[in-house]
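The values are calculated or read from the model by the stated rules, or taken from the named source; none is laboratory data. Just so it is clear, the model here is predicted, and its values are computed rather than measured. Here Cβ is always computed from backbone atoms with ideal geometry, including for glycine, and neighbour counts include all displayed protein chains. Ligands, DNA and RNA are excluded from the accessible area calculation, which covers all protein heavy atoms including side chains. Shrake-Rupley method; radii C 1.70, N 1.55, O 1.52, S 1.80 Å.
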Amino acid sequence: MKSTGFENKFQLKSSLLKLFIALLLSVLGKSAHAQVVTTQYQGFQYQSNQPHNLNVYYFKASDIPLDTSYLRRHSQILLWLQQYYRQQMQNNGYGNKTFGLWTSASSGDTVRIILVNGRKPINSYRSSTPGGNDSLIQEFRDFETAHPQYKLSEHNLILVATPGVSQMNGLPYYGIGKTCLATDYPELDLQYMGQTGTIAQQFVTYFGGIAHELGHALNLPHSHQTLSENQNPSQGTNLMADGNYTLTASPTFINRAGAAILNRCQLFNTQPAASFYTGHIAGLLSVHSQFSAGVWTISGRFQSNVPVTDINVYQDPFQNPSAGYQRVAFSVAPLGTSNDSFRVVMPVTEVMQGANQYPPTGPWNLAIELVLENGETEERWFPFRYNNRTPSSGFTFDDLNCGSIPPGFSLTQIGSAFSPGQACFRPIDSSVVMRVWATGPGGVKDNFPFLWRPFLSGDTLSMRVLSVSDTWNDQVGLMVRASLDSNSAYAAISALDYRGVFWSWRSQTGQQSGYNLVNTLALPFWIKVTRSTNWVEGFYSSDGQNWTLYYRRNLPLPNQAVAGVFIGKNGARGVVDQIRHNGLTVGTIEKEIEAGVQVFPNPFLNEIKIRSLDEQNPVIEVRILDLRGTCLHRERFLNSESTRKCNPAGLPSGLYLIESTLANGERTIQKLMRQ
């Protein structure tokens, strides 16, 4: 039998098992220089030379007799897997690293496994029983809360006892966050490795299953090997693909993408626990695609407040992200003097491993995953197509620091951010692309970029949402705020990832925000906010003509509130167009209805004349704005003359906006040139 771990042709029979353990203890003994920590459980002393160790539990239902061999069997299995993971890390260039285990201080051949006695019969925990799996998990959580002294790290392996293989159906066998569950039976014993017969075949399946599920508890997602790896006799099947069926039966390995994640797992490192899983603000700044001579190259830049150690890129032969068993993984280290760039080269031949699983034509998706020093990851996926083995990406985007925003608006960072949010106005189609590097609106304090303008009673603001990134809770929309303070009262209507229309609010300054359930609507769609004194209403439309009232909210608004476009949740990206303030479309101002207001001369030198064509509806106020929406000059008129005169002294030559307010409350915005 071919090896997947640390020996070639590894056939571990009963006589070789003792030799293996002796060799393993010898390897561990060489680390005696490291600080050793100890603990006690059921009268025995356990120790480890690693500060973070796997929590191992053995869950036994109330009607299942305890098989007393479980401690020996799973100690041997876990020590084997510990060495297997160590060898895979070395093979991938990450050194002599593996997950920590508490082992007996006297001999080192016994792993500390905490016994958890279930309160119910085993059938109560099966998926066929309503709430069965959840009931088992809840009992474990209750035990964990009642016995905090057993917690060694954030990572758990729960082995569920059964009397035999035939009794395993419906019991939990999967990973949940940093906890994995797997079933046990009395013949799940390392002595059957390399043997023949039914018991040995069952051993291959369920031993590999524990190794695979343990990978999930150590932060690993599913991924597939490349063609070269698959054909390499020392690699073969990736453990996090179908390795649970091949480990110990044929070559099985952990790919570099998996090793990159393990390298920053808490259990593989010596930094204090507070260094891991601390949260982050990270994402892609740009992605570029190039295809030539059968090789697809993806490059780009990223930004993160936690150092990025590796970049994993996955090609998934499905239109949307799948469970991941077939997504082929590539992995690289950061590039550039600031370690903020990457470049991964992916020959199509390494991906196309059979037309049934990897169609040469049709929809796929590509995921780019940043591996962070604190053990977390940040992933972004992009849809694309293969057309006769040639990728058609359709997702390349450049840095958004284009320095242009819609006329009449200002860009302000609400609250704080790791990096200021970005907005890019594209005059060619009057669209706006926005990107956020902050947490977004919510809680008692908001953090996001806001593209805003003044908003008075009677004002309306509308736009069409073309797209928003599909990551859960990403959103882009319209918001009315009492002020630009981060804890201001607000009401907002938005497009929430791929789900539809969303409404959120903060009723009073400094209070917690709230939200209503999402209303399903396919993109693109239109949204609108209106204001009547203190009432804010949100509308949506599938065609921009027929509007449906979504929600309304009463807010403590000043006479001049603010309203505009916001984007929420770190890493979100949105594209909008047809932004209209009181019916006037941004970016095509000169083509819009001018509401019967004439401005002349244009260009002007010193004096401007503004005339309403309706003598019963005169101009009562004029504001001169720069292209960012900042008011540079303002005049109000009290007489009833139909033609007003305005002298905005001190303005340098250039392009401006003139906003005219009529007696009936209507406003117009027109472009104006100073000679």
When LEU152 is run through (1) assigned to a helix (DSSP H, G or I); (2) under 21 Å from GLY215 (Cβ atoms), the failure sits at (1)
Residue list for the stretch 599-627, filter: farther than 21 Å from GLU666 by Cα and of a type in the set (D, E, K, R):
GLU607
Only unsatisfied item for ASN606, checking (1) in contact with a helix residue (DSSP H, G or I) (Cβ under 6 Å, 6 or more places away or on another chain); (2) open to solvent by 80 Å² or more (accessible area, probe 1.4 Å), is (1)
Could you tell me which residue of the stretch 411-436 is most open to solvent (accessible area, probe 1.4 Å), considering only residues that are of a type in the set (Val, Ile, Thr) and at pLDDT 80 or above?
THR412
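Each row is one residue, and each column tells you yes or no for (1) surrounded by 20 or more Cβ atoms within 10 Å (Cβ to Cβ); (2) more than 23 Å from VAL313 (Cα to Cα).
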position	(1), (2)
MET193	yes, yes
GLY197	no, yes
VAL204	yes, yes
HIS212	yes, no
GLY215	yes, no
LEU218	yes, no
PRO221	yes, no
HIS224	yes, no
Evaluation of TYR84 against (1) more than 25 Å from LEU115 (Cβ to Cβ); (2) modelled with pLDDT of 95 or more; (3) open to solvent by 10 Å² or more (accessible area, probe 1.4 Å) (one fails), failing number:
(3)
Could you please find all residues in the stretch 644-675 being over 19 Å from GLU615 (Cβ atoms), among the aliphatic types (A, V, I, L, M) and open to solvent by less than 40 Å² (accessible area, probe 1.4 Å)?
LEU651, LEU657, ILE658, ILE669, LEU672
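Would you list the strands (runs of 3 or more DSSP E) that sit entirely within the stretch 609-670 and hold 1 or more residues that are among the β-branched types (Val, Ile, Thr) and either within 50 Å of the chain's Cα centre (by Cα) or modelled with pLDDT of 85 or more (or both)? Outline the logic, then answer.
Working: elements: 619-625, 631-636, 643-646, 654-662.
Here the list reads 619-625, 654-662.
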Do any residues in the stretch 410-427 that are under 18 Å from GLY564 (Cα atoms) and part of a strand (DSSP E or B) have Cβ atoms under 6 Å from those of residues that are among the charged types (D, E, K, R) and at pLDDT below 80, where the two are at least six apart or on different chains, and which pairs are they?
SER410/ARG628
Look at the stretch 106-131 and say how many of its residues are open to solvent by less than 60 Å² (accessible area, probe 1.4 Å) and more than 30 Å from GLN76 (Cβ to Cβ).
3
Any idea which residue in the stretch 132-152 is least open to solvent (accessible area, probe 1.4 Å), counting only those that are over 27 Å from SER166 (Cα atoms) and hydroxyl-bearing (Ser, Thr, Tyr)?
TYR150
Quick check on the stretch 291-327: of everything there that is farther than 17 Å from SER392 by Cα and in contact with a helix residue (DSSP H, G or I) (Cβ under 9 Å, 6 or more places away or on another chain), which residue is most open to solvent (accessible area, probe 1.4 Å)?
THR309
ILE298 fails exactly one of the following numbered conditions: (1) more than 18 Å from ALA211 (Cα to Cα); (2) assigned to a loop (DSSP other than H, G, I, E, B). What is the number of that condition?
(2)
Would you be able to tell me the number of residues in the stretch 345-381 that are in contact with a strand residue (DSSP E or B) (Cβ under 7 Å, 6 or more places away or on another chain) and either open to solvent by less than 30 Å² (accessible area, probe 1.4 Å) or within 28 Å of HIS280 (Cβ to Cβ) (or both)?
20
Show the residue pairs that are 6+ apart or on different chains and have beta-carbon atoms under 7 Å apart, the first residue being within the stretch 126-147 and closer than 15 Å to VAL56 by Cα and modelled with pLDDT of 90 or more, the second being part of a helix (DSSP H, G or I) and among the aromatic types (Phe, Trp, Tyr).
none
What are the residue pairs meeting all of these: first residue in the stretch 42-53, first residue within 11 Å of SER104 (Cα to Cα), second residue at pLDDT 90 or above and of a type in the set (Val, Ile, Thr), Cβ atoms under 7 Å, and 6 or more apart or on different chains?
TYR46/THR103; GLN47/THR103; SER48/THR103
Among (1) at pLDDT below 95; (2) outside any helix (DSSP H, G or I), which single condition is ASN312 missing?
(1)
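Select, from PHE330, PHE384, the only residue that is open to solvent by less than 30 Å² (accessible area, probe 1.4 Å) and modelled with pLDDT of 95 or more.
Numbers: PHE384 fails: modelled with pLDDT of 95 or more.
Exactly one of PHE330, PHE384 is open to solvent by less than 30 Å² (accessible area, probe 1.4 Å) and modelled with pLDDT of 95 or more, namely PHE330.
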Of all the residues that make up the stretch 160-188, how many are assigned to a loop (DSSP other than H, G, I, E, B), buried (at least 17 other Cβ atoms within 10 Å of the Cβ) and within 39 Å of the chain's Cα centre (by Cα)?
8
Positions within the stretch 252-290 being open to solvent by less than 30 Å² (accessible area, probe 1.4 Å), closer than 18 Å to THR377 by Cα and not hydrophobic (A, V, I, L, M, F, W, C), in sequence order:
ASN255, GLY258, ASN263, ARG264, GLN266, ASN269, GLY283, SER286
Residue list for the stretch 555-574, filter: under 33 Å from the mean Cα position of the chain (by Cα), open to solvent by 10 Å² or more (accessible area, probe 1.4 Å) and at pLDDT 90 or above:
VAL562
